[in-house]
1. Pick from the stretch 109-142 the residues that are in contact (Cβ under 8 Å) with a residue 12 or more places away in the chain and among the hydroxyl-bearing types (Ser, Thr, Tyr): which of them is surrounded by the fewest Cβ atoms within 10 Å (Cβ to Cβ)?
2. Hey, can you tell me all the residues within the stretch 52-82 that are in a helix (DSSP H, G or I) and buried (at least 24 other Cβ atoms within 10 Å of the Cβ)?
3. Name every residue in the stretch 1-48 that is farther than 25 Å from residue 84 by Cβ and in contact with a helix residue (DSSP H, G or I) (Cβ under 6 Å, 6 or more places away or on another chain), in order of residue number.
4. Can you tell me which residue among 96, 101, 5, 89 is small (Gly, Ala, Ser), within 16 Å of the chain's Cα centre (by Cα) and outside any helix (DSSP H, G or I)?
5. For the stretch 9-42, which positions are touching a residue at least 40 places away in the same chain (Cβ under 8 Å), among the aliphatic types (A, V, I, L, M) and in contact with an Asp or Glu (Cβ under 8 Å, 6 or more places away or on another chain)?
6. Here are 25, 37: which of them is hydroxyl-bearing (Ser, Thr, Tyr), surrounded by fewer than 14 Cβ atoms within 10 Å (Cβ to Cβ) and farther than 21 Å from residue 137 by Cα?
7. Is it fair to say residue 49 is free of Cβ contacts under 8 Å to residues at least 60 places away in the same chain and in a helix (DSSP H, G or I)?
8. If you check every pair at least six apart or on different chains, which have Cβ atoms under 6 Å apart with a residue in the stretch 60-79 that is in contact (Cβ under 8 Å) with a residue 24 or more places away in the chain first and a residue that is in a strand (DSSP E or B) and of a type in the set (S, T, N, Q) second?
Amino acid sequence: MTGPADERAVRATIDGIEYPLTCVSMGNPHAIAFVESDGDLRQLAEARGSAVENHRAFPQRTNAEFARVLDPHRIDLVVWERGCGITLACGTGACATAVAACLEGRCQPGDPITVVLPGGELAIEVATDLSRVWMVGPADHVFDGSIEL
């Protein structure tokens with residue numbers, strides 16, 4: 001992300017983006033928008049995800065998360081993954097969203113947080129000092145393939 005490297009981007013207003021963003025790195029970039037309205041998160045992600053992903057504030061593009069905190073222990077989430085679009089689930093996106101929720105005071109570090117994605121639920125815990133994030137959830141085998149070289 002552009003801007004001072006030693007500053008956090010929490011509820012940052014970014015020119016041309018409708019929602020304030022909290023930006024988090026999980027080894028890959030994430031820009032999280034917390035939505036207060038009852039609108040459909042998937043529709044919002046489909047309408048706005050590409051604009052966030054490709055915004056000039058993110059020279060290498062970013063994943064865009066559209067989240068609604070239902071209570072301090074539960075978050076609905078739809079992820080627009082850079083280069084892919086809408087995904088059913090994104091572990092780093094769920095972790096980044098939980099961290100962003102803690103940074104914004106919507107959730108508490110150290111408390112369990114369930115992140116609900118279109119593909120299922122993930123259990124996330126952010127360390128009280130924000131130094132680590134733990135994720136537990138199911139994994140399903142969805143594809144086998146082969147290619148001739």
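All of the numbers you see were taken from the coordinates with simple rules; none came from a lab. The structure displayed is predicted, hence computed values, not measured ones. For neighbour counting, all protein chains shown are included, and Cβ atoms are generated from backbone atoms with ideal geometry for every residue, glycine included.
1. 128
2. First, the residues of the stretch 52-82 that are in a helix (DSSP H, G or I): 52-53.
If the condition is that a residue be in a helix (DSSP H, G or I) and buried (at least 24 other Cβ atoms within 10 Å of the Cβ), then 52 is the only one that fits.
3. 10, the sole residue that qualifies.
4. That would be 89, the only listed residue that is small (Gly, Ala, Ser), within 16 Å of the chain's Cα centre (by Cα) and outside any helix (DSSP H, G or I).
5. 10, 32 - these are the residues of the stretch 9-42 that are touching a residue at least 40 places away in the same chain (Cβ under 8 Å), among the aliphatic types (A, V, I, L, M) and in contact with an Asp or Glu (Cβ under 8 Å, 6 or more places away or on another chain).
6. Just one listed residue meets the conditions, 37.
7. It is true that residue 49 is free of Cβ contacts under 8 Å to residues at least 60 places away in the same chain and in a helix (DSSP H, G or I).
8. 74/114; 79/87
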